[in-house]
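Colleague: What follows is a single structure, and I will ask about it in a moment.
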Amino acid sequence: MGADGMLGSMLATQLTARSMAFTPCTYPEFDLTRPESLRPLVSLHPTVIINASAYTAVDLAETESEKAYSVNADGVKALALFAKEVGARLIHFSTDYVFSGQSSQGYVESDVTEPASVYGQSKLAGEQAIRETLPPLQWIILRTAWLYGPNGKNFVQTMLTMAGQGKPLRVVNDQIGCPTYTGDLSTWTLDLLSTPASGIYHAVNAGTCSWYAFAITIFEQQQVDVKVTPVTSDAFPSVAKRPAYSILKTQRLSQALNYKIRKWPEALSEYLSSFTLRT
Ligand SMILES: NC(=O)c1ccc[n+]([C@@H]2O[C@H](COP(=O)([O-])OP(=O)(O)OC[C@H]3O[C@@H](n4cnc5c(N)ncnc54)[C@H](OP(=O)(O)O)[C@@H]3O)[C@@H](O)[C@H]2O)c1
């Protein structure tokens, strides 16, 4: 599901590269808010359903909460029921926004959730719907954060586009997170399929930084000479509250995969050298 979104398109690329048979399902033909749209998939007897679709407009969700919930909560519930009916394993993605972002220690999977935005609340409701609907061994939820990759609006692309336009750049220095490459997240996801993994996993690249440090690293790696000024979040008031310190700890994922999760600057470097970015 969501095969033409930023993450979904990378998953599709990697499934193809691995010669794994799959059916790319895209919106609006397959619409989580219209469960009947999933019916043609029954005859395909899916063994795994990967859901990369979601309502992802974080700020808009504050005024469109019904829409956010209809996709991220009710739609996910319908998908979990469908997975139960056909006996498929369900792989779903969630977000660091299920946490408040107040913990300077970072978060493990079992930590208390406390979303501060409608988007985060709707994604948490989706997690709960899966847990209530499917037996424990039949689902995986990967909580990720600060995603970037080809085929999507993301911070890396925005920074390079703005630098290319010669715009002065001011970037927030008081929000800390884990930049994560869709290429790495897709690799972990597909690798997990050949393990008995189940439950919730935090799935982000290793290391942490502020948006400002992220921007500086992007420009250093691309050898773009641009002045960047660090600012606090007050400089860019947003409708939805973002977690200030959203560090997801990935030990559980690393153990399940039996390899180390690589650091975000290394993943960024691969992304920047693999794709032609618009400037
Ligand atoms: N991007 C991030 O920084 C980030 C961070 C943490 C977690 N996540 C999670 O990671 C996952 C992938 O995110 P992404 O950035 O790849 O999202 P994305 O690029 O916005 O892709 C979402 C996809 O879902 C589709 N969609 C929207 N409403 C739908 C519906 N009712 N039924 C079926 N499909 C629908 C969209 O179609 P249209 O484009 O046609 O609307 C789009 O193809 C999501 O679960 C998201 O919550 C993302």
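Colleague: Placing unit charges on C-beta atoms (Lys and Arg positive, Asp and Glu negative, everything else neutral), compute the dipole magnitude of the chain about its Cα centre in debye, rounded to 20. Mind showing how you got there, number by number?
Modeller: Working: 22 positive and 24 negative charges, 76 e Å.
So the magnitude is around 360 debye.
Colleague: Between ARG18 and GLU85, what length comes free when the chain is fully extended (0.36 nm per residue of separation minus the Cα-Cα distance, one decimal in nm)?
Modeller: Going from the current span to full extension adds 21.4 nm.
Colleague: Let me ask another. Which order do the peptides 229-236, 10-17 take when ranked by the mean count of other beta-carbon atoms within 10 Å per residue, highest first? Mind dumping the intermediate values first?
Modeller: Values: 229-236: 12.6, 10-17: 18.0.
Averaged packing, sorted descending, gives the order 10-17, 229-236.
Colleague: When all alpha-carbon pairs of segment 137-279 are counted, what percent fall beyond 18 Å?
Modeller: 58 percent
Colleague: Work out, in µm²/s and without decimals, the Stokes-Einstein translational diffusion coefficient of the chain at 4 °C, 1.567 mPa s, Rh from Kirkwood over C-alpha pairs.
Modeller: Rounded to a whole number, D works out at 67 µm²/s.
Colleague: Amide H neighbours of ILE176 under 5 Å, counting only residues 5+ apart in sequence or on other chains, H built in-plane at 1.01 Å?
Modeller: Under 5 Å from the amide H of ILE176: TYR245, SER246.
Colleague: Provide the packing ranking of 69-80, 147-158, i.e. peptides ordered by the mean count of other C-beta atoms within 10 Å per residue, highest first.
Modeller: 69-80, 147-158
Colleague: Might you tell me the accessible area per residue for the chain, computed with a 1.4 Å probe and given in Å²?
Modeller: Solvent-accessible surface per residue comes out at 47 Å².
Colleague: Contour minus end-to-end for SER269 and GLU220, with contour as 0.36 nm per residue of separation and end-to-end as the Cα-Cα distance? Each step should come with its number before you reach the end.
Modeller: On the way: separation 49, 0.36 × 49 = 17.64 nm, distance 1.02 nm.
That works out to 16.6 nm of additional length.
Colleague: Further question: Name the residues whose placed amide hydrogens come within less than 5 Å of the amide hydrogen of TYR107, ignoring near sequence neighbours (fewer than 5 apart) on the same chain.
Modeller: ILE247, LEU248, LYS249
Colleague: Express as a percent, rounded to the nearest 5, the fraction of DSSP beta bridges in the chain (both residues included) that run antiparallel. Don't skip to the end; give the middle numbers.
Modeller: Values: 2 of 25 bridges.
So the antiparallel bridges amount to about 10 percent of the total.
Colleague: Might you report the magnitude of the Cβ-based charge dipole of segment 32-139 about its Cα centre, with Lys and Arg at +1 and Asp and Glu at -1, to the nearest 20 debye?
Modeller: The dipole of segment 32-139 has a size of about 500 debye.
Colleague: Okay, moving on. Report, in whole Å, the centroid distance computed from the Cα atoms of segment 217-259 and segment 129-205.
Modeller: Using only Cα atoms, the two centres lie 11 Å from each other.
Colleague: If amide hydrogens are placed 1.01 Å from N in the peptide plane, which non-local residues have theirs closer than 5 Å to the one on LEU147?
Modeller: When sequence neighbours closer than 5 places are left aside, the close amide H contacts are THR180.
Colleague: Enumerate the calculated ³J(HN,Hα) couplings along segment 150-165 in order (Karplus 6.51 cos²θ - 1.76 cosθ + 1.60, θ = phi - 60°), each rounded to whole Hz, writing x wherever the residue is Gly or Pro.
Modeller: Couplings: x, 6, x, 6, 8, 4, 4, 4, 4, 4, 5, 5, 5, 5, x, 8 Hz.
Colleague: Given 5 Å bins starting at zero, what is the percent of C-alpha pairs of segment 50-171 in each, up to the one with the largest pair distance?
Modeller: Here the calculated profile for segment 50-171 is 2, 10, 18, 19, 18, 15, 10, 5, 3, 2, 0.
Colleague: Quick one: Karplus J couplings for segment 135-140, per residue in order, coefficients 6.51, -1.76, 1.60, θ = phi - 60°, nearest Hz, x for Gly and Pro?
Modeller: Result, ordered by residue: x, x, 7, 9, 9, 10 Hz.
Colleague: Computing the accessible area with a 1.4 Å probe over protein heavy atoms, can you report the carbon and sulfur percentage for segment 122-275?
Modeller: C and S fraction of accessible area: 52 percent.
Colleague: Now a separate question. Give me the number: length gained by fully extending GLU64 to ASP111, i.e. 0.36 nm times residue separation minus the C-alpha to C-alpha distance, one decimal in nm.
Modeller: 14.1 nm
The values are calculated or read from the model by the stated rules, or taken from the named source; none is laboratory data. Everything numeric in this text was worked out from a predicted model, so none of it was measured. Cβ sites come from the backbone with ideal geometry, for glycine too, and all protein chains shown count toward neighbours. Ligands, DNA and RNA are excluded from the accessible area calculation, which covers all protein heavy atoms including side chains. Shrake-Rupley method; radii C 1.70, N 1.55, O 1.52, S 1.80 Å.
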